[in-house]
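Taking it in order: structure first as structure tokens, then the write-up.
The values are calculated or read from the model by the stated rules, or taken from the named source; none is laboratory data. None of the values given here were measured: they were computed from a predicted structure. Positions of Cβ are backbone-derived with ideal geometry, glycine not excepted, and every protein chain shown enters the neighbour counts. These accessible areas exclude ligands, DNA and RNA; they are computed on the full protein's heavy atoms, side chains included. Shrake-Rupley method; radii C 1.70, N 1.55, O 1.52, S 1.80 Å.
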Amino acid sequence: MQVLTLGDLTVEVVHKDIKNLHLSVHPPTGRVRIAAPLSLEIDAIRAFAVSRMGWIRKNQRKLFTQPREAVRDFVDRESHFVWGERVLLKLVHRAAPPSVDLVHRTLVLTTRANATRDERHDIVEKWYRDELRRVAQPTVARWEERLGVKVKGIFIQRMKTKWGSCHPESGNIRLNTDLAKKPPECLDYLVLHELTHLLERTHSEAFFSVLDHNLPHWREVRNLLNSLPIGAE
């Protein structure tokens, strides 16, 4: 790894077997990283970083100011969110396999009496992943039919800097587990956004035309999603 210093900004540079430059800003400190093709000279990478300085600063400010969820301890009567609705956690101690059930506005977490905070966290996190996959699959199918595209794989995972991503070459999309905590229209928009990349790889005028045609109020939904707290981790 190489390090570029641009005034008060430090940029990590990693050369990889890729075709294009990839720039990213990472929480919680706003660390900047560029993945570059193996053959690209450091002066060209420096020029690229300088040209994107405005984008870097903008995303660092957004990262520093975006609200974060409170750290959860996964204890009785603690507030959580499911599909944009506030629910209360109810702990049930039982010598049985751990489970999570949503009953009306109560998230019932069944564990052993001696389960640690981290174990309770992992059980609930798995439930969020399963819940997101349950809802995402028919959502993806609906937009596949509407756009005339086909997704090969849906991956649900914790993502620190993105709500979702698409890899057009493989046909796979990735969705942030935390989407299961946000209003359902956020997932709907995210799936449309990522599937549109199977038609238009970049955020071109044609890309935004597809969004405008299929979800005219997508900007309002995007702004809602980006205003909501991100994960505490």
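Accessible surface of the stretch 1-123, 1.4 Å probe: 53 percent of it comes from carbon and sulfur atoms.
Placing +1 on the Cβ of every Lys and Arg and -1 on the Cβ of every Asp and Glu, with nothing else charged, gives the stretch 127-227 a dipole about its Cα centre of roughly 420 debye.
The Kirkwood hydrodynamic radius of the chain, based on inverse pair distances between different Cα atoms, is 20.0 Å. Each principal axis of the Cα cloud of the stretch 1-86 was taken in turn, and the coordinate range along them, longest first, works out to 56, 28, 20 Å. The aspartates and glutamates whose alpha-carbon is closer than 18 Å to the alpha-carbon of Lys16, local same-chain residues fewer than 8 away aside, are Glu41, Asp43, Glu169.
May I ask you to work out the translational diffusion coefficient for the stretch 176-221 at 25 °C, viscosity 0.890 mPa s, via Stokes-Einstein with Rh from the Kirkwood sum over Cα pairs, reported in whole µm²/s?
222 µm²/s
For a straight C-alpha distance cut-off of 20 angstrom, the aspartates and glutamates reachable from Lys162 (same-chain residues fewer than eight places away being disregarded) are Glu12, Glu69, Glu125, Asp130, Glu131, Asp178, Glu185, Asp188, Glu194, Glu200, Glu220, Glu233.
In percent, how large is the relative contact order of the chain, given Cα pairs closer than 8 Å and 6 or more residues apart?
The value is 15 percent.
Taking every alpha-carbon pair under 8 Å whose residues sit at least 6 apart, the stretch 1-42 reaches a relative contact order of 36 percent. Ranking of Phe155, Phe48, Phe74 by solvent-accessible surface, largest first: Phe155, Phe48, Phe74 (1.4 Å probe, protein heavy atoms only, all chains present).
Ranked from highest to lowest mean number of other Cβ atoms within 10 Å per residue, what is the order of the peptides 31-37, 199-205, 138-144? It would help to have the intermediate numbers written out before the result.
Numbers: 31-37: 17.6, 199-205: 11.3, 138-144: 15.7.
Going by the mean number of other Cβ atoms within 10 Å, highest first, we get 31-37, 138-144, 199-205.
The fraction of all Cα pairs in the stretch 77-167 landing in successive 5 Å bins from 0 to the largest distance is 3, 11, 19, 21, 16, 13, 9, 6, 3, 1, 0, given as whole percents.
Enumerate the residues in the stretch 104-127 having an amide nitrogen under 13 Å from the point lying 7 Å beyond the Cα of Val71 toward its Cβ. Residues 117-118 qualify, since their backbone N sits under 13 Å from the label point. Taking all protein chains together and rolling a 1.4 Å probe, Ile123 ends up with roughly 40 Å² accessible. Coupling constants for the stretch 178-186 follow from the phi torsions by the Karplus curve (6.51 cos²θ - 1.76 cosθ + 1.60, θ = phi - 60°), and in residue order they are 5, 4, 5, 8, 9, x, x, 5, 5 Hz; glycine and proline get x. In order along the stretch 120-132, phi translates into HN-Hα couplings of 5, 4, 5, 5, 5, 4, 4, 5, 4, 4, 5, 5, 5 Hz, rounded to whole numbers, per the Karplus curve 6.51 cos²θ - 1.76 cosθ + 1.60 with θ = phi - 60° and x for Gly and Pro. Taking Cα centre as origin and charging only the Cβ of basic (Lys, Arg, +1) and acidic (Asp, Glu, -1) residues, the dipole magnitude of the stretch 84-169 rounds to 120 debye.
Listed by chain and number, the lysines placed with their C-alpha closer than 20 angstrom to that of Lys160 are Lys58, Lys62, Lys126, Lys181, Lys182; residues fewer than eight positions away on the same chain are left out.
Restrict the search to the stretch 1-109; then list the GluC sites (Glu not before Pro) that DSSP places in a loop and that have at most 14 other Cβ atoms within 10 Å of their Cβ.
On the way: sites: Glu12, Glu41, Glu69, Glu78, Glu85; in loops: Glu41, Glu69, Glu78.
When the GluC sites (Glu not before Pro) of the stretch 1-109 are filtered for loop state and at most 14 Cβ neighbours within 10 Å, Glu41 remain.
Across the stretch 208-219, coupling constants 3J(HN,Hα) worked out from phi with the 6.51/-1.76/1.60 Karplus curve, θ = phi - 60°, read 5, 5, 5, 4, 4, 5, 8, 8, x, 9, 4, 5 Hz, and Gly and Pro carry x.
For Cα pairs less than 8 Å apart in space and 6+ apart in sequence, what is the mean separation divided by the residue count of the stretch 128-233, i.e. the relative contact order in percent?
Normalised by residue count, the contact order of the stretch 128-233 is 25 percent.
Amide H to amide H distances under 5 Å link Val82 with Val87, where only residues 5 or more positions off or on other chains count and H is placed in the peptide plane. Under 5 Å from the amide H of Leu6 lie the amide H atoms of Val11, each residue being 5 or more positions distant or on a separate chain, with H modelled from the backbone and absent for Pro and chain starts.
Just going by the charge dipole of the chain, with Lys and Arg at +1 and Asp and Glu at -1 on Cβ, which of Val103, Gly7, Thr177 is farthest out on the positive end? Result: Val103.
To the nearest 20 debye, what is the magnitude of the charge dipole of the chain about its Cα centre, counting +1 on the Cβ of each Lys and Arg and -1 on the Cβ of each Asp and Glu? Walk me through the numbers on the way to the answer.
Values: 37 positive and 29 negative charges, 59 e Å.
The calculation lands at about 280 debye.
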